[in-house]
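What follows is a single structure, written as C-alpha cells, with notes after it.
All of the numbers you see were taken from the coordinates with simple rules; none came from a lab. Remember, predicted model here, so these are calculated numbers, not experimental data. Here the Cβ positions follow ideal geometry from the backbone for every residue, glycine too, while neighbour counts run over all protein chains shown.
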Amino acid sequence: MLEPAYNPELIDPFDHRQLLPGKGYWFNPENGEKYYINNGIPVFLPEQQMSGNNLKYSRFYDRISRFYRVSSVIYSRLKGSTEKQIKKKYLDLLNIQSGEKVLEVAVGSADNLKYLPANAMYCGIDISYGMLTMARRHLRKWKIPAGLFQGEAEHLPFADNTFDVVFHVGGISLFNDNRKAVAEMIRVTNPGGRLMIVDDNEGNPGRSDHKNPFSPLPGQQNNSGPDYPVKMLPTGMKNIEIRYLFDEQLYCLTFTKPNTSKDAVQSNNINLRA
Ligand SMILES: C[S@@+](CC[C@H](N)C(=O)[O-])C[C@H]1O[C@@H](n2cnc3c(N)ncnc32)[C@H](O)[C@@H]1O
C-alpha cells in the first residue's frame, strides 16, 4: 500500500485537542474518544453520528461510488471534451508548487488528484467511506501517495495552519452548513495560503440541463447576483476572484487567507474574471 507523502497533525474535530496514535486508532487524551483506522483511513464521523444532508449524501455517494468515476468520464465525452480538459481548466488555477501541502475537501474518488503536479503532498477528506474506498484504489493505480480521511467538511480533523493550498470541487451547496465548511477550510490553511471552491452555478437557469446525472439535485440556495458564492466567505479574505466556466455552468471562487489579522481587508473586494 502507498503511504501518504506526509502525515498532518491530527486533532479531535469536535474539541480541537491534539490526537495521539493508539493501536489501530487515534485517541483524544482529554476525553478518551477513539477514532478507528479502517483499512488505512481514519474514521472521524461514523454514519450513526451523521445528520441531515450530510447523512443523506453520504449514503447517496456510498451507493454510487463504484459508478461515479465512469459517469464523470462519460459525461465529459458527451460534452465533447475529456475529463482532463474539464478538470485542468480550474485545477491549473491552484498553481501548485513543488513540496506544497495540499488538501482536497470532499475528495470523492480522488479524480482531481490525477491531474495535479506529482511533486506536491496531498491529503483528501470525504464523508462517504465508499468514495474513499474508490479513491484509495485509484491512488494506488495512479501511484499517487496521499493521506485519506473520513469526516465532514464542517469539522476537519487537522490542526490550524496545516496546508498551503485547500480546495473543494462539487457539492458544497449540499453540505449541512457550507459557511462552517468554508471557515474550517480557512482555519486549516496556512497564513497567505490559497483556497479554491468550484461548484455548480445555481444562478444559471440552464444549469440543470447540463448536470452530470450522478450528481444529486441541489436544494434551494440564495443565489441572487453574480457574486453569490462570496456570501459563504467571512470578511477579511484577500485576492477574491470569481470565474464562471463552461457556459456559466460552474463557478470557480479563488481567494487567499490573510497573513495576519492586520493584513485582513475590512470588506470582501471581489474581482469578477472573464
Ligand atoms: C460531486 S462529488 C465531488 C467529488 C470530487 N471532489 C470530484 O470533483 O470529483 C461530491 C462529494 O462530496 C462529498 N460530501 C458531501 N457532503 C460532504 C460533507 N459535508 N463533508 C465532506 N464531504 C462531503 C460526497 O461524499 C462526494 O464524494
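Listing for the model above:
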| item | result |
| --- | --- |
| Proximal lysines to LYS79, defined as alpha-carbon separation beneath 22 angstrom and excluding residues fewer than eight positions away on the same chain | LYS87, LYS88, LYS89, LYS114, LYS211 |
| The stretch 30-123: relative contact order as a whole-number percent, Cα under 8 Å and 6+ apart | 20 |
| For ILE41, ILE144, order by how many other beta-carbon atoms lie within 10 Å, fewest first | ILE144, ILE41 |
| Size of electric dipole in the chain: Cβ of Lys, Arg +1 and of Asp, Glu -1, about Cα centre, debye, nearest 20 | 880 |
| Peptides 240-251, 120-131, 157-168, 95-106 ordered by average Cβ neighbours within 10 Å, highest first | 120-131, 157-168, 95-106, 240-251 |
| For the chain: relative contact order, % (alpha-carbon pairs under 8 angstrom, 6 or more apart) | 17 |
| Whole-Å distance, taken between Cα centres, linking the stretch 185-203 and the stretch 111-172 | 14 |
| Residue-span extension gain [SER71 to PHE246] - 0.36 nm each, minus C-alpha spacing | 61.2 nm |
| Separation of alpha-carbon centers, the stretch 63-94 and the stretch 5-35, rounded to whole Å | 34 |
| Span-like helix ranges in the chain, DSSP H, alpha carbon extent 18 angstrom or more, Kyte mean at least 0.5 | none |
| In sequence order, calculated HN-Hα J values of the stretch 105-112 (Karplus, 6.51, -1.76, 1.60; Hz; x Gly/Pro) | 8, 6, 5, x, 8, 6, 4, 5 |
| Farthest positive-ward along the stretch 20-273 dipole, Cα basis, beta-carbon charges - from VAL107, ILE242, LEU156 | VAL107 |
| Options ASN95, PRO46, ASN269, ranked by Cα towards positive dipole end of the stretch 20-273, top entry (Cβ charges) | ASN95 |
| Cα gyration tensor shape of the stretch 20-273, rounded if a/c is under 1.5, else prolate or oblate by comparing a/b with b/c | rounded |
| Counting DSSP beta bridges with both ends in the stretch 20-273, the antiparallel % (nearest 5) | 45 |
| MRE, 222 nm, helices only [DSSP H, n ≥ 4, -39500 (n - 2.57), over the chain, to nearest 500] | -7000 deg cm²/dmol |
| Lysines with Cα under 20 Å of LYS180, excluding same-chain neighbours fewer than 8 positions away | LYS56, LYS231, LYS238, LYS257 |
